[in-house]
1. So, of the residues in region 72-94 that are of a type in the set (D, E, K, R) and not in a loop (DSSP other than H, G, I, E, B), which turns out to be farthest from the chain's Cα centre (by Cα)?
2. Residues in region 327-349: is at least one within 20 Å of the chain's Cα centre (by Cα), acidic (D, E) and either farther than 25 Å from H114 by Cβ or assigned to a loop (DSSP other than H, G, I, E, B) (or both)?
3. Against the conditions (1) among the aliphatic types (A, V, I, L, M); (2) assigned to a loop (DSSP other than H, G, I, E, B); (3) closer than 17 Å to G187 by Cβ, where does L109 fall short? Just the number, please.
4. If the Cβ limit is 6 Å and pairs must be 6+ apart or interchain, which residue in region 274-296 that is under 20 Å from T328 (Cβ atoms) and hydroxyl-bearing (S, T, Y) pairs with which residue that is at pLDDT 95 or above and buried (at least 21 other Cβ atoms within 10 Å of the Cβ)?
5. Need a quick list: strands (runs of 3 or more DSSP E) entirely within region 173-265 having at least 1 residues that are of a type in the set (S, T, N, Q) and closer than 19 Å to V112 by Cβ.
6. Of all residues in region 127-150, count the ones that are in a helix (DSSP H, G or I) and within 18 Å of N267 (Cβ to Cβ).
7. Could you list, in sequence order, all residues of region 130-145 that are in contact with a helix residue (DSSP H, G or I) (Cβ under 7 Å, 6 or more places away or on another chain) and exposed (fewer than 12 other Cβ atoms within 10 Å of the Cβ)?
8. Residues being more than 23 Å from L198 (Cβ to Cβ) and either of a type in the set (S, T, Y) or surrounded by 14 or more Cβ atoms within 10 Å (Cβ to Cβ) (or both): count how many of those fall in region 94-123.
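The values are calculated or read from the model by the stated rules, or taken from the named source; none is laboratory data. Note that the structure is predicted; figures quoted are calculated from it, not measured. Using ideal geometry, Cβ is built from the backbone for each residue, glycine included, and neighbour counts are taken over all protein chains shown.
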Amino acid sequence: MRLTWKTGNIAENVITRLIPSLMVLLIGCKTTQDESTWKRYEFNEPEMGVNFVIKLYAPDEVLAKNAARAVYDRIEVLNSIFSNYDPASELNRLTRNTVGKAVKVSSELFAVLHRAQILSLETNGAFDVTMGPYIELWRKARRQKQLTDPELLRKVSKSVGYQNLDLIPHKQSIACMAPGLHLNLGGIAKGWAVDEALEILRAHGIRRALCAASGDIAIGGAPPNKKGWLVGVRSVDRQGNFYDQMLNLKNCAVSTSGDTFQFIEINGKRYSHIIDPRTGYGLTNRVMVTVITSSAVESDSKATAISVLGLNSGIAYAKKKDIAIVITPLTGEKRAPQVSPKWKNYLNN
């Protein structure tokens, strides 16, 4: 991409560019505010099917409310792009196009799908946003408490597979290469949204903030006079008892994935709400995964992928990619958490 601009009188251009900078410096010298006096504000609204929480420090209530409102307005826009429930969303409109037809999409949708495809390749399909047909069938199976007919899974499998999405970067376009394609961004969109929420707060001058959408949290600068935000990471002891391990976190993101609350038992076997894209059934390798990365879009998607990979493959992937994770088996006699080397960086902070 080439950028062009017109040049005028050089001296005039230099002066024009310097004046705003000088004004900022002069004003800053007079009005720099001690952020240690900023007050804490919290907001909570339903967005993207979950409670979307904002915690921030601001100099006054007016700025805090205006910034939070800007965040929630933006999240509604993102939902209109990413939603798999809304028939009019950009995501659903994309899959209604003629098979093989490349369609230009928004920068947000392209970026999310591009990240998803990279993770699908890295994990050999353990993460796959094309498994919408599997998700619909599994929801029905959970309601009826009966496993999906293998023959039906075989039929819809023709519409599942990240290879059925063709991304064309230089045109910001996407082509659906199989009929019946149904995309679901449940394992990545909320992470993208909380990342954007922090960016909007920063644009309003608020850097000490935390934004959370269910199990996905984006964390900015530490609260005034604190080492970081105190975040409870769900852990399990050797007897199977749950407790929260408290970590001081700042300028990072954390996501947790597992079936501690959402699961179903069919014929005496426990299945997770998390679906294995390679089988179409809920996971049975019961693990709880927490991931800490630099962005929530990454922690969200990788927590899901590592849950599918399971204990051994999940740890191996985390070591290879230098990701901070803790993965805990929820069944069996040995329930000790397994951690990647990078996880230790966040302990005892």
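1. As a first pass, look at region 72-94 and keep what is of a type in the set (D, E, K, R): 73-74, 76, 86, 90, 93.
Filter again for not in a loop (DSSP other than H, G, I, E, B), leaving 73-74, 76, 90, 93.
Working: D73: 18, R74: 16, E76: 16, E90: 18, R93: 22 Å.
In this case the residue turns out to be R93.
2. No, region 327-349 contains no residue that is within 20 Å of the chain's Cα centre (by Cα), acidic (D, E) and either farther than 25 Å from H114 by Cβ or assigned to a loop (DSSP other than H, G, I, E, B) (or both).
3. Failing condition for L109: (2).
4. T293/A253; T293/S299
5. Details: elements: 173-176, 209-213, 216-219, 229-236, 242-249, 252-257.
Because the criterion is at least 1 residues that are of a type in the set (S, T, N, Q) and closer than 19 Å to V112 by Cβ, the strands (runs of 3 or more DSSP E) in region 173-265 that meet it are 173-176, 252-257.
6. Within region 127-150, the subset in a helix (DSSP H, G or I) is 132-144, 150.
Remaining after also requiring within 18 Å of N267 (Cβ to Cβ): 137-138, 140-144, 150.
Total satisfying the criteria: 8.
7. Passing the criteria: none in range.
8. The total comes to 11.
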